Structures are given as structure tokens and as C-alpha cells.
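Before any comments, here is the structure.
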Amino acid sequence: MKALVTGASGQLGRALAARLGPSAHALARAQLDVTDAAAVSAALDSIRPDVVINATAYNKVDGAESEPEAAFAVNATAVLNLALAAQRVGARLVHVSTDYVFDGAQSRPYVEDDVPRPINTYGRSKRAGEMMVEAVRGPALLLRTSGVFGPGGSRAKGGSFVDRILERARTGATLRVVDDQRFAPTFAPDLAAALVTLVERKATGTVHVTNAGACSWYELARAALELADVPATVDRISSAELAAPARRPLYSVLSNARFADLTGAPLRPWREALAEMLGR
Ligand SMILES: NC(=O)c1ccc[n+]([C@@H]2O[C@H](COP(=O)([O-])OP(=O)(O)OC[C@H]3O[C@@H](n4cnc5c(N)ncnc54)[C@H](OP(=O)(O)O)[C@@H]3O)[C@@H](O)[C@H]2O)c1
């Protein structure tokens, strides 16, 4: 299987490149800007991949509120570029989306057929990307995930949430972390492994993939501090107190039942993956 990975310098992109090894064409933004339709078309013509895995994103949830064009360019228009080019060369497209396509009004895990109702610009731009994949109707896998963390984190977000928490705690500062948003943290290397398994099994349609379990940002921060053995005072605050520019869903846990049906087992609990990342 010849794979082309876009966004190869991101959290998921790096994990995919490591997983797939040197046989994959893993291209960072400097090698392929996915918003450039002609460049995307030329890259697919020259590489002729069997599968195109899009690990790019405009990921700044708050930033998207003030720069929606940039968010839609990467999260929607670029997905159309990739979907059309993949269809033209006969490649399968694997696109990654987010729990933030849901509004968070539910109190049971979201299944693939639940109706997306994004409540912020990032979520709307990602939903638009999903609709591009659906509209082109080529063979495609749409994988939704949540709370991605991994070594080095996301450059656009200034590193991973876990690293930022540990760094701030080591300065002795009191931390204030939101405790009223529930989601499933997902370890980038586990997500990459799951994605590759789904590709090997030729899965198509939408599949939700996260590590097992759920928590709030406060609980994730506490777990990281405990596992890394860093003492800190952590105040739990509400989303309203944080007053971030973008609203977030208060509940965005994704059901992994379809993933488990397709592959035989769900991913391990998020805390186990976090312990691995922190060397425990
Ligand atoms: N992070 C999360 O918590 C989270 C949650 C739910 C879903 N997801 C989804 O999971 C996927 C992977 O996210 P991630 O955490 O790995 O993101 P990430 O670490 O921020 O990586 C995104 C990558 O996209 C690249 N990129 C941005 N614009 C580009 C462009 N125009 N052309 C080419 N590359 C471009 C970035 O390159 P530069 O480094 O050069 O900017 C970066 O390498 C995304 O679809 C995201 O929406 C993430």
C-alpha cells in the first residue's frame, strides 16, 4: 500500500510517519500546502498513492473565531482539493475530523449517525470538510477523534496540553483548569495505529476513534501531574469563568462501538496511554 500523508509535522502526522515507516510519502506543509489545489493535484499525479491520509488541520479553536477564512481554507477547501485529486487518481481518502462537530447537548456517547451541530467556527469548518468528502463520493474513510495529545504536541497550540500543564506547574503557579467539558483524550500514536488498522481493513464511511474512557480538562491535568509526580495547586473552573472566544461542547465523548466492531477491540484507556507518554 502506497500512502501519502499530508500534515506530516503535526501530532498525528508524525505518529503516522513513524507507524508507516519510510515507504510512506509523508509531506509537511513546506513540501505540500494543501490549500494549493494545483500543488495537491501535481503531488498525487507524481506519487500515485493508493491512499491519501489527510492529517492537516487549522486547529486553533479560539483563533478560528477571528480568522474563519484561514480555518475554512485548511479544514474545508483543502479537503475538497484532496478529495477531488484522490478520486481522479483512484486513491482512497482518509480524512480526520473532530468531536467538535457536535453541540454537546447529549449525555451519552455520540455515535457516527448522530446529527452534527457545531457551535463554534472551528467545528463548522471541520463539518464543512466532512461535507466535502461526502459530496465528492469517492472511496473514503472519515475518522472523528477528540482531545489529541502526544509527544511534542501541536505546534499551532504551543505544544500539548499535558506539556503546558506540567511546565506551568513546575514554575509553582496555581493552575486554573476547566472542569465542565467532558471528552475522551486520545494519544496520537494510538490514533495512528487505529487509523492504519482501519485502512488495512478497507473500512469506509465514518468511524469514531478515541482512547477508552472520558474526563474533563481538570481531570486530565490532575492525572498528568500525578503520573509525572509534579506537585501543584489546581483550581477547577467553569467554561463560563474561562470566557474563551469559542464556545466548546460540554459533552463530546464519542462512541467507539463501530471501531471495536470493525477491529475487534477498542483502544486502551486514555490514562494508560498518558502513563506511557510520561514514562510511567
Ligand atoms: N488536537 C486535537 O485535540 C484534535 C481534536 C479532535 C480532532 N483533531 C483532528 O485531528 C487531526 C490531527 O490533528 P493534530 O492534533 O495532529 O494537529 P496539529 O498537531 O496541529 O497538526 C496539524 C498539521 O497541519 C499542518 N497544516 C496546517 N495548514 C496546512 C496547510 N495549508 N498545508 C499543509 N499542512 C498544513 C500543520 O503544519 P504546521 O505545523 O506547519 O502549521 C500541522 O503539521 C486534525 O484533523 C484535527 O482537526 C484534533
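Values in this text are rule-based calculations from the coordinates and carry no lab data. These numbers come from a predicted model, not from an experiment. Every residue, glycine among them, receives a Cβ derived from its backbone with ideal geometry; neighbour counts consider all protein chains shown.
Quote the charge dipole size of the range 102-200 about the Cα centre in Debye, to the nearest 20; the model charges only the Cβ of Lys and Arg (+1) and of Asp and Glu (-1). Working shown, then result.
Working: 14 positive and 12 negative charges, 93 e Å.
So the magnitude is around 440 debye.
How long are the semi-axes of the equivalent ellipsoid of the chain, taking √(5λ) for every eigenvalue λ of the Cα gyration tensor, in whole Å from largest down? Working shown, then result.
On the way: eigenvalues 183, 77, 69 Å².
Here the semi-axes work out to 30, 20, 19 Å.
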In Å, the Kirkwood hydrodynamic radius from C-alpha pairs for the range 157-201 sits at 13.3
I'm a student and want to see the number: the projected area of the Cα convex hull of the range 95-218, averaged over all directions, in nm². 8.7
Can you report the principal axis dimensions of the range 75-136 using only the alpha carbons, biggest first, rounded to whole angstrom? 42, 22, 15
Long-range share for the range 1-115, i.e. C-alpha pairs more than 25 Å apart as a percent of all pairs, stands at 27
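In cubic angstrom, how much convex hull volume per residue do the alpha carbon atoms of the range 145-262 span?
Working: hull volume 14.2 nm³, N = 118.
Considering the Cα atoms of the range 145-262, their hull volume per residue is 120 Å³.
Rule-of-thumb check for the range 48-151: C-alpha Rg over 2.2 N^0.38 Å? Provide the component values of the computation, followed by the final result.
Numbers: Rg = 13.8 Å, N = 104, 2.2 N^0.38 = 12.8 Å.
Against the empirical 2.2 N^0.38 Å value, I get 1.07 for the range 48-151.
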Rounded to the nearest 5, what is the percent of antiparallel bridges among the DSSP beta bridges in the range 144-280? 20
Taking R0 as 25 Å and r as the Cβ-Cβ distance between Asp235 and Arg280, the FRET efficiency 1/(1 + (r/R0)^6), rounded to the nearest 0.05, comes to 0.50
Note: the range 170-239, point scatterers on Cα, Debye, no solvent; log10 I/I(0) at q = 0.12, 0.19, 0.20 Å⁻¹ equals -0.47, -0.82, -0.87
The range 131-173, convex hull of Cα, quarter of hull surface, nm² -> 4.5
Per q in 0.16, 0.20, 0.22 1/Å, what log10 I(q)/I(0) does a Debye calculation on the alpha-carbon atoms of the range 11-60 return? -0.47, -0.74, -0.89
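Tell me whether the range 199-273 comes out rounded, prolate or oblate; compute the Cα gyration tensor, take square roots of the eigenvalues as a ≥ b ≥ c, and use a/c under 1.5 as the rounded threshold. Spell out each step's value before the answer.
Working: a/c = 3.63, a/b = 1.65, b/c = 2.20.
Oblate shape, in that a/c is at least 1.5 and b/c is the bigger or equal ratio.
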At 1.002 mPa s and 20 °C, Stokes D of the range 208-248 from Kirkwood alpha-carbon radius, µm² per second: 174
